[in-house]
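Trainee: Below is a structure I'd like to ask you about.
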Ligand code: FAD
Ligand code: MLT
Ligand code: ZN
């Protein structure tokens, strides 16, 4: 610990008490590694304020003592965004104690949740008030509202409701100079210049610490049905989605997975079983919902929409979950892909988007190009086809040494994939953010105007560079990774 850190931690303890400063290494350690186990950092203490005033005190003191902070919620980042630097220069600022729901209004369809509220708890609170917060993802048991807002998270319901940004009606945050920005009022119209709330959304903690968010709620579901469909190709999957969308606006999820993702789940996740009798090259999970109890039941709707596709061969096989338990089993397969992939060995992961109509062809051509360029590896994509966003993973050749793969091969594979994405007019980060994993790639591939603007905004709000250093974009250009 540096003398400046020592003085800073002492000052925080004096101002906020012992509960706000965690120093036991056993309590700190789990929060120093990312979910995928790719990044390992150090932090001499974890700061855990109980309220917005406490966050403001910490940020002000950090500025005075020139100590960088790494905001952290559930630590489920897929890009090493919440992992502190490994030189111990920064302190983790955990928002997990700030887990109150300040206000929930069913009449206004709004909820004000503190940054540390876990997504699953927010779901439960909304349901108990007869409403629903629609955004969901596999990490809902750990991911927090602050982290979801800071990454503009997506998930499996984006098709109908959009990403976090679309569901955020206001943000409260402590800015890098310690001042509190209160944007929680959820005004429908507000044109007082730059939209600070939405500048903070997706900023990954580089422009300030989000302390609370006003979120939009939607009506509760009266009924839902989940279908599991087998088909020949991503293009057939998109054709099916387009056909269904012509008939109904109530398709919430349309998640694509290849044979190998299903196989990985069945191999590594206990209690899972294949939904269809015969294996298929590609699979789609489709969820349809009804909010009006008098509406056509979603299961009937799905049956009606899938029957012609089965008849004309667009769909090879399909099953509609016969019960809520079976629907949950289908979702468990989908939500376990990341865990199954993690257990499958070294891979280079990419979270990419291209225009929706171009994605099926992109997936097939990019996978073939990768397999040819890197013999022995295997590329495939899964995820949010209806959003034009898939997780395009390139698995190392069987028996590959993990350390060598991550140091030498994976960066080359990643540059290859990102070049293809960029040539297709796409994004190298559709929903996970940049964090530390993609910072050099963002700097390599961003048009100069975009990069200059990102740097200028960061420098203007945080001239000392104390907010989540080393993440998203650096103030000065970095050397490209070898
Ligand atoms: P953390 O991981 O703690 O932090 C994420 C980033 O936000 C970091 O840069 C951190 O510094 C910053 N941050 C955290 N809290 C604050 C705050 N209060 N103020 C300012 N900055 C803050 N993501 C998707 O988008 N879609 C998915 O479908 C999806 N599925 C996932 C499935 C699994 C199994 C896992 C492990 C992850 C998945 N993710 C997904 C990634 C991850 O869950 C999201 O990025 C999520 O938003 C992170 O929330 P968190 O609370 O864990 O944030
Ligand atoms: C998902 O959609 O499952 C996630 O975003 C996580 C992943 O990339 O594996
Ligand atoms: Zn995803």
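The values are calculated or read from the model by the stated rules, or taken from the named source; none is laboratory data. Just so you know, these numbers come straight off a predicted model, no measurement behind them. Note that each Cβ is placed from the backbone with ideal geometry, even for glycine, and that neighbours are counted across all protein chains shown.
Trainee: Which count do you get for residues in segment 180-224 that are out of contact with any strand residue (DSSP E or B) (no Cβ under 6 Å at 6 or more places or on another chain), in a helix (DSSP H, G or I) and free of Cβ contacts under 8 Å to residues at least 60 places away in the same chain?
Mentor: Adding up the residues that qualify gives 1.
Trainee: Residue under question is residue 384, and the condition is that it be touching a residue at least 60 places away in the same chain (Cβ under 8 Å) and within 16 Å of ligand 1 (Cβ to nearest atom); does it hold?
Mentor: Answer is yes for this residue.
Trainee: In segment 91-108, which residues are surrounded by 17 or more Cβ atoms within 10 Å (Cβ to Cβ) and farther than 25 Å from residue 58 by Cβ?
Mentor: 104
Trainee: Can you tell me how many residues in segment 266-301 are over 29 Å from the mean Cα position of the chain (by Cα) and either loosely packed, with under 14 Cβ neighbours inside 10 Å or part of a strand (DSSP E or B) (or both)?
Mentor: Residues flagged as over 29 Å from the mean Cα position of the chain (by Cα) and either loosely packed, with under 14 Cβ neighbours inside 10 Å or part of a strand (DSSP E or B) (or both) within segment 266-301 amount to 6.
Trainee: List the residue pairs whose Cβ atoms are under 7 Å apart, where the first residue sits in segment 463-479 and is more than 16 Å from residue 450 (Cα to Cα), the second is at pLDDT below 90 and part of a loop (DSSP other than H, G, I, E, B), and the two are 6 or more positions apart or on different chains.
Mentor: These pairs meet every condition: 465/475.
Trainee: When you look at residue 440, is it outside any strand (DSSP E or B), away from ligand 2 (no atom under 16 Å from the Cβ) and either crowded, with 22+ Cβ neighbours inside 10 Å or without any contact (Cβ under 8 Å) to a residue 24 or more places away in the chain (or both), yes or no?
Mentor: Answer is no for this residue.
Trainee: In the set 170, 141, which member is touching a residue at least 12 places away in the same chain (Cβ under 8 Å) and surrounded by fewer than 16 Cβ atoms within 10 Å (Cβ to Cβ)? Full working, then the answer.
Mentor: Working: 170 fails: surrounded by fewer than 16 Cβ atoms within 10 Å (Cβ to Cβ).
That would be 141, the only listed residue that is touching a residue at least 12 places away in the same chain (Cβ under 8 Å) and surrounded by fewer than 16 Cβ atoms within 10 Å (Cβ to Cβ).
Trainee: Name the residues in segment 86-132 that are part of a loop (DSSP other than H, G, I, E, B) and within 13 Å of residue 72 (Cβ to Cβ), would you?
Mentor: Of everything in segment 86-132, those that are part of a loop (DSSP other than H, G, I, E, B) and within 13 Å of residue 72 (Cβ to Cβ) turn out to be 90, 95, 96, 97, 98, 115, 116.
Trainee: Tally time: how many residues in segment 34-56 are farther than 14 Å from residue 7 by Cα, out of contact with any strand residue (DSSP E or B) (no Cβ under 6 Å at 6 or more places or on another chain) and either in a helix (DSSP H, G or I) or modelled with pLDDT of 95 or more (or both)?
Mentor: 10
Trainee: From 328, 255, which residue is out of contact with any helix residue (DSSP H, G or I) (no Cβ under 7 Å at 6 or more places or on another chain), at pLDDT 95 or above and not in a loop (DSSP other than H, G, I, E, B)?
Mentor: 328
Trainee: Identify, from the list 305, 310, 314, the residue that is more than 16 Å from ligand 2 (Cβ to nearest atom), touching a residue at least 60 places away in the same chain (Cβ under 8 Å), under 25 Å from residue 232 (Cβ atoms) and in a helix (DSSP H, G or I). Quick ask: steps written out before the conclusion?
Mentor: Working: 310 fails: touching a residue at least 60 places away in the same chain (Cβ under 8 Å); 314 fails: in a helix (DSSP H, G or I).
Step by step, each of 305, 310, 314 is checked, and only 305 is more than 16 Å from ligand 2 (Cβ to nearest atom), touching a residue at least 60 places away in the same chain (Cβ under 8 Å), under 25 Å from residue 232 (Cβ atoms) and in a helix (DSSP H, G or I).
Trainee: Could you list all residues from segment 416-437 that are surrounded by fewer than 19 Cβ atoms within 10 Å (Cβ to Cβ) and outside any helix (DSSP H, G or I)?
Mentor: Across segment 416-437, the qualifying residues are 424, 425, 427.
Trainee: Of everything in segment 91-120, what is more than 16 Å from ligand 3 (Cβ to nearest atom) and closer than 21 Å to residue 338 by Cβ? Give them in sequence order. Working first, answer last.
Mentor: Step one: list which residues in segment 91-120 are more than 16 Å from ligand 3 (Cβ to nearest atom), which gives 91-118, 120.
Once the filter is applied, which keeps residues that are more than 16 Å from ligand 3 (Cβ to nearest atom) and closer than 21 Å to residue 338 by Cβ, segment 91-120 yields 118, 120.
Trainee: Restricting attention to segment 123-133, which residues are in contact with a strand residue (DSSP E or B) (Cβ under 6 Å, 6 or more places away or on another chain) and over 18 Å from residue 186 (Cα atoms)?
Mentor: If the condition is that a residue be in contact with a strand residue (DSSP E or B) (Cβ under 6 Å, 6 or more places away or on another chain) and over 18 Å from residue 186 (Cα atoms), then 125, 129 are the ones that fit.
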